[in-house]
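I have placed the structure first, in the form of structure tokens, so that the comments after it can refer back to it.
The values are calculated or read from the model by the stated rules, or taken from the named source; none is laboratory data. Just so it is clear, the structure is predicted and the values come from calculations on it, not from any experiment. Note that each Cβ is placed from the backbone with ideal geometry, even for glycine, and that neighbours are counted across all protein chains shown.
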Amino acid sequence: MSPRDDALPGLALRDVSVEHVELGADRLANYEVSVVDRALSDQGGDAPRGASFFGHDPKLEGLVPFGHKLPAHLVLTLDSSDQRVAALNISVGPVIRLVHPYYYSQGESFSYHHQGENQIEFTNFRGVADGSWPHEGLASTLPAHDIKILVIKGKPQRKWGDCSTIFMGNDAPTVQNYSGRKCAACSARETRLIASIPSRPAPGVNIWNNDFVFALFWFCEKCKAITTHNECD
Ligand SMILES: [Zn+2]
């Protein structure tokens, strides 16, 4: 944990240390991610951001899909050297980027590959951007914030009305039932759920103007693509 977080007044965030991760060999980790209510400078600035964080990173290339003008949104950056992140077993390199093309996301599945720490490439992109979708005035980047990653013991469950908690892991709660999801890049069925991002994941952010829509992320073991789509209640 960053010592800076301890100095924040008025925050009732539960702390967790890496030592608390206890995983059986046959079991993948599940986490709840809370976004800290303190914006980071988009440019780095004086406040060094944690290795894992929420929101935009100007270093990431590839957010504008080939042939399109509007960008996809970087939602989460995860540092694989963090034991908790490593336990998710998403083998795309030292940094995992969770990206969702909200401007284009009207039911399609999108996939992208990591091309290094600071680059992604969309490998399946069929969406068409609509300036008024998901609602008029959605900023083209999400504000950057520190995050806290909390281990969940037992089966993760989203409380009724909770549209702010991010879940990570194969057991992340979803509103639809899935028996896997076809990889949008290679069509393999060997995908597993890695995250569910709700509509209001950070202070002042309301992505869908609808609390019952979520962005889901799946990892393909075969081709290492991440497939993402939205789901609603
Ligand atoms: Zn695949």
Of the residues in the stretch 180-216 that are aromatic (F, W, Y) and either touching an Asp or Glu at 6+ places or on another chain (Cβ under 6 Å) or free of Cβ contacts under 8 Å to residues at least 12 places away in the same chain (or both), the one that is farthest from Y112 (Cα to Cα) is F212
Of S80, S111, the only residue that is among the polar types (S, T, N, Q) and at pLDDT below 95 is S80
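Across the stretch 167-180, which residue is farthest from the ligand (Cβ to nearest atom) among those that are hydroxyl-bearing (S, T, Y) and within 28 Å of A202 (Cα to Cα)? Spell out how you get there, then give the answer.
So in the stretch 167-180, the residues hydroxyl-bearing (S, T, Y) come out as 174, 178-179.
After this cut, where a residue has to be within 28 Å of A202 (Cα to Cα) as well, the list is 174, 178.
Numbers: T174: 20, Y178: 16 Å.
It comes out as T174.
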Of the residues in the stretch 181-201, those that are more than 16 Å from the ligand (Cβ to nearest atom) and either more than 12 Å from the chain's Cα centre (by Cα) or in a loop (DSSP other than H, G, I, E, B) (or both) come to P198, S199, R200, P201
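Identify the residue in the stretch 106-124 that is away from the ligand (no atom under 15 Å from the Cβ) and in a loop (DSSP other than H, G, I, E, B) and, among all such residues, is surrounded by the fewest Cβ atoms within 10 Å (Cβ to Cβ). If you could, list the steps in order and put the result at the bottom.
Step one: filter the stretch 106-124 for residues away from the ligand (no atom under 15 Å from the Cβ), giving 106-108, 115-119.
Going one step further and asking which of them are in a loop (DSSP other than H, G, I, E, B), we end up with 106-108, 115-118.
On the way: Q106: 13, G107: 9, E108: 16, Q115: 13, G116: 13, E117: 15, N118: 15.
The qualifying residue surrounded by the fewest Cβ atoms within 10 Å (Cβ to Cβ) is G107.
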Here the residues within the stretch 63-93 that are in a loop (DSSP other than H, G, I, E, B), of a type in the set (A, V, I, L, M, F, W, C) and under 23 Å from P143 (Cβ atoms) are L63, V64, L70, A72
Scanning the stretch 202-233 residue by residue, those under 17 Å from the mean Cα position of the chain (by Cα) and within 16 Å of the ligand (Cβ to nearest atom) turn out to be L216, F217, W218, F219, C220, K224, A225, I226, T227, T228, H229
